[in-house]
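Novice: Structure incoming, see below.
The values are calculated or read from the model by the stated rules, or taken from the named source; none is laboratory data. The model shown is predicted, which means the values in this text are computed figures rather than measured ones. Cβ coordinates were reconstructed from backbone atoms using ideal geometry, including for glycine residues, and neighbour counts include every protein chain displayed. Each accessible area value is taken on the protein alone, full model and side chains, heavy atoms only, with ligands, DNA and RNA left out. Shrake-Rupley method; radii C 1.70, N 1.55, O 1.52, S 1.80 Å.
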Amino acid sequence: MLRVAVVGSGPAGLYTAEALVKQSALLPEPVAITVDVLDRLPTPYGLVRYGVAPDHKSIKSVANYLRRVLESPGVTFIGGVHFGTDVTREDLLGSYDAVVYATGAMRDRRLGIPGEDLPGSRAATDFVNWYCGHPDVGADAFSLDAESVAVIGVGNVAVDVARILTRDPAELEHTDIPEPVMDALRGSSVREVHVIGRRGPAQAKFTTKELRELGELGSVEVSVEAAEIELTGGFDRSGESAELAANDRRVRGNLVAMAGWGDAPGRGGRKLRLRFWLRPVEIQESPSGTVGGLRLERTRLTESGAFEGTGEFETLDTQLVLRSVGYQSVPLSDVPFDERSYTVPNASGRVLSSEGKELPGEYVAGWLKRGPTGVIGTNKADAAETVQALLADLAGGPDVGQGKLPRPGMLRLPDREDLPEPEDPAGGSPSRAGVHPVLAARGVEPFSYADWLRVSAAEEDLAASLGRGDRVKLPHRDAVWSTARPKRE
């Protein structure tokens, strides 16, 4: 029998747990496997719960799939456990046959320009966490008293942020946004949002589906400057933009969507402007010491393809700046980390030392493994690769690239009657009881899956009482913690 710890209960961690259960049943000699999924929060699902826009219900429904993983025999959720304090790398390696790190990328990259630390200059992640009800961000973190907002970046997160800022709050009532956040959105002073990209529309990272949603916002005037979406001449003399459009269907779809906005009549209400070929050079300070403006420099691609500033500047009168220029993973205590790529160095998911040697029993999956690329579903194949390497090392399975595995997600969970029964974590021998004895010795009482279900039920009840859809997130950290673990009489 194998006992594996997975650190992180987001998509990468839970797809890893799923792959462990499925692939172990396909080995030439199937093995029983138990998987403990650890998370610092008492609530599972990571980015699916706290990163997906609340009005994207089809994507958020991935949680229903991941729930099946957590409810699989042999998979245990252990919440409220901080890696590096409550439990260490050494603790996990001494308690499990293998450890898989899957903590994602939770920190925004910085712009590195003057004024970035002024009040009113924030990471887009903070704003996303706020409207998604993350316990780390208080319900009063944003007041939305700014009339003009600049969102730096042209990826899907930037588009999500712009859409939530400009959308009619009545259209968000059916979502799981916490009620205090809904109150702030209902009373928002925001009238104009600028989404700003350093390069052109062909180099933008958003998807066509996300872009089209902006054009479908009922009371929002969405626009783009015609000169900034031209592919040749002007701002791009290298031909790169035209080549991207010729070879990439997504780029062509994006350009068609944006071209249609130029012909759309103004619809009043709030305004959303997409701007390209502009880079922030300074966040300006207001007389009150907060954000008062954003100075931008016009950019271009030269004939040789070099990216450069033109020396032409403009200033936006804006009171809130949200940067969305990429995510970075955070180093885990004592775990190897590459400060250049912000990933754990690895070979097909096997963690490597600073000398490039494989570290026995240590693996990595998700954004911490490959960087913040792909969509939620990308983590399935990524996890499958890591698990294949793990089972090749510890259970005699085929190595990566050597044996055929089922397509990720296509195999049903195995019938546990055909496998040895795993040991009870509470009653097994100390060497097989996982992290529970370590936590008990330190006085740490983790949150269980049953504790999470109490939170889930409370959110459903809250939605019913407010008449707001299927679920409304609890509004702050104390509410989540006290609901997960009610005071005992």
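Novice: Let me spell it out: the conditions are (1) open to solvent by less than 10 Å² (accessible area, probe 1.4 Å); (2) under 14 Å from the mean Cα position of the chain (by Cα), and TYR101 meets all of them except one. Which number is the exception?
Specialist: TYR101 satisfies all of (1) open to solvent by less than 10 Å² (accessible area, probe 1.4 Å); (2) under 14 Å from the mean Cα position of the chain (by Cα) except (2).
Novice: Quickly run through region 191-234 and pick out the residues that are more than 27 Å from GLU308 (Cα to Cα), of a type in the set (D, E, K, R) and not in a loop (DSSP other than H, G, I, E, B).
Specialist: Across region 191-234, the qualifying residues are GLU192, LYS209, GLU210, ARG212, GLU213, GLU221.
Novice: Any chance region 447-461 includes a residue that's part of a loop (DSSP other than H, G, I, E, B), under 23 Å from VAL69 (Cα atoms), in contact with a Gly (Cβ under 8 Å, 6 or more places away or on another chain) and open to solvent by 20 Å² or more (accessible area, probe 1.4 Å)? Let's see the steps before the verdict.
Specialist: Taking region 447-461 as the starting set, the residues that turn out to be part of a loop (DSSP other than H, G, I, E, B) are 448.
Of the ones still in play, those that are also under 23 Å from VAL69 (Cα atoms) are 448.
Those still in the list that are in contact with a Gly (Cβ under 8 Å, 6 or more places away or on another chain) too: 448.
Filter once more, keeping what is open to solvent by 20 Å² or more (accessible area, probe 1.4 Å): 448.
Taking every residue of region 447-461 in turn, at least one turns out to be part of a loop (DSSP other than H, G, I, E, B), under 23 Å from VAL69 (Cα atoms), in contact with a Gly (Cβ under 8 Å, 6 or more places away or on another chain) and open to solvent by 20 Å² or more (accessible area, probe 1.4 Å).
Listed here are the residues, each with its yes/no results for (1) in contact with a strand residue (DSSP E or B) (Cβ under 7 Å, 6 or more places away or on another chain); (2) within 27 Å of ARG485 (Cβ to Cβ); (3) buried (at least 20 other Cβ atoms within 10 Å of the Cβ); (4) of a type in the set (Ser, Thr, Tyr).
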position: THR34; (1), (2), (3), (4): yes, yes, yes, yes
position: LEU38; (1), (2), (3), (4): yes, yes, yes, no
position: TYR50; (1), (2), (3), (4): no, yes, yes, yes
position: ASP108; (1), (2), (3), (4): yes, no, yes, no
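Novice: Looking at region 17-38, is at least one residue closer than 17 Å to GLY366 by Cα, touching a residue at least 60 places away in the same chain (Cβ under 8 Å) and either of a type in the set (Val, Ile, Thr) or in contact with an Asp or Glu (Cβ under 7 Å, 6 or more places away or on another chain) (or both)?
Specialist: no
Novice: So, one more: Could you grab me the full set of residues in region 114-144 that are in contact (Cβ under 8 Å) with a residue 60 or more places away in the chain, open to solvent by 30 Å² or more (accessible area, probe 1.4 Å) and more than 21 Å from the chain's Cα centre (by Cα)?
Specialist: PRO114, PRO119
Novice: Looking only at region 466-476, decide whether some residue is touching a strand residue (DSSP E or B) at 6+ places or on another chain (Cβ under 7 Å) and under 24 Å from VAL137 (Cβ atoms).
Specialist: No, region 466-476 contains no residue that is touching a strand residue (DSSP E or B) at 6+ places or on another chain (Cβ under 7 Å) and under 24 Å from VAL137 (Cβ atoms).
Novice: Could you grab me the full set of residues in region 42-71 that are in a loop (DSSP other than H, G, I, E, B), in contact (Cβ under 8 Å) with a residue 60 or more places away in the chain and in contact with a Lys or Arg (Cβ under 9 Å, 6 or more places away or on another chain)?
Specialist: PRO42, THR43, PRO44, VAL52, ALA53, PRO54, ASP55
Novice: A further question follows. Any chance region 284-293 includes a residue that's in contact with a Lys or Arg (Cβ under 8 Å, 6 or more places away or on another chain) and surrounded by 13 or more Cβ atoms within 10 Å (Cβ to Cβ)?
Specialist: yes
Novice: State which residue is modelled with the lowest pLDDT when the search covers only region 118-175 and only residues that are polar (S, T, N, Q) and part of a loop (DSSP other than H, G, I, E, B).
Specialist: SER143
Novice: Which residue pairs have Cβ atoms under 9 Å apart, sit 6 or more places apart or on different chains, and have a first residue in region 226-243 that is open to solvent by less than 40 Å² (accessible area, probe 1.4 Å) and β-branched (Val, Ile, Thr) and a second that is at pLDDT below 90 and not in a loop (DSSP other than H, G, I, E, B)?
Specialist: So the pair list comes out as ILE229/ALA259; ILE229/GLY262.
Novice: Another question, then. Quick one: would you say GLU213 is without any contact (Cβ under 8 Å) to a residue 60 or more places away in the chain and open to solvent by 60 Å² or more (accessible area, probe 1.4 Å)?
Specialist: For GLU213, the condition - without any contact (Cβ under 8 Å) to a residue 60 or more places away in the chain and open to solvent by 60 Å² or more (accessible area, probe 1.4 Å) - is not met.
Novice: So, one more: In this structure, is GLY84 surrounded by fewer than 17 Cβ atoms within 10 Å (Cβ to Cβ) and free of Cβ contacts under 8 Å to residues at least 24 places away in the same chain?
Specialist: no
Novice: Right, something else. Could you list all residues from region 269-279 that are buried (at least 23 other Cβ atoms within 10 Å of the Cβ) and either farther than 24 Å from SER189 by Cα or of a type in the set (Lys, Arg) (or both)?
Specialist: If the condition is that a residue be buried (at least 23 other Cβ atoms within 10 Å of the Cβ) and either farther than 24 Å from SER189 by Cα or of a type in the set (Lys, Arg) (or both), then PHE276, TRP277, LEU278 are the ones that fit.
Novice: Here's another thing I want to ask about it. Name, by its number, the condition in (1) in a strand (DSSP E or B); (2) more than 14 Å from ALA204 (Cβ to Cβ); (3) of a type in the set (S, T, N, Q) that does not hold for SER238.
Specialist: (1)
Novice: Of the residues GLY115, GLY138, which is farther than 24 Å from ARG471 by Cα and small (Gly, Ala, Ser)?
Specialist: So the residue among GLY115, GLY138 that is farther than 24 Å from ARG471 by Cα and small (Gly, Ala, Ser) is GLY115.
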